[in-house]
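The values are calculated or read from the model by the stated rules, or taken from the named source; none is laboratory data. Because the structure is predicted, anything quoted here is derived from the model rather than measured. Cβ placement follows ideal geometry from the backbone for every residue including glycine, while neighbour counts extend to all protein chains displayed.
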Amino acid sequence: MAADFLARNTSAKRVWVSNPSWPNHKSVFNSAGLEVREYNYYDAANHSLDFDALLASLSEAQAGDVVLFHGCCHNPTGIDPTLEQWQTLAQLSVEKGWLPLFDFAYQALPAVWKKMQKVCAHSPRCTKS
């Protein structure tokens with residue numbers, strides 16, 4: 001829905017998605033007629049967010065572009081920016097003039113996971129990972 005809305009109701013022509021990202025993101029935006037670019041996200045060697053590479057990638061985003069973020073529980077890494085990093089991204093979006101778009105597919109997952117951990121702490125048969 002967001003892809004079609006952007007294509008029909010804004011002047012956006014390009015959407016940036018993280019690399020890696022949910023595999024369907026690219027096809028969803030391409031199907032709406034939008035160009036898809038990737039920004040760096042994951043440092044596989046350290047299993048962490050590569051924030052410096054992310055910022056370097058997004059320095060190429062232009063005014064009017066859309067940058068897709070995973071609001072929480074980044075898919076597929078599960079790694080999210082810190083509050084300070086989110087603030088830096090917000091400032092960058094203002095400076096560069098691109099529109100942040102958030103995919104919140106897993107917004108309740110962190111809270112649910114905390115509850116599951118509490119239950120599993122008291123159950124020897126519970127599987128934890």
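Name the pairs: first residue in the range 44-73 and surrounded by fewer than 19 Cβ atoms within 10 Å (Cβ to Cβ) and acidic (Asp, Glu), second residue outside any helix (DSSP H, G or I) and at pLDDT 95 or above, Cβ to Cβ under 6 Å, at least 6 apart or on different chains? Taking only residues 6 or more apart or on different chains, the pairs are ASP50/ASN40; ASP50/ASP43. In the range 83-125, of all residues being of a type in the set (Gly, Ala, Ser) and within 20 Å of HIS25 (Cβ to Cβ), the one that is modelled with the lowest pLDDT corresponds to ALA105.
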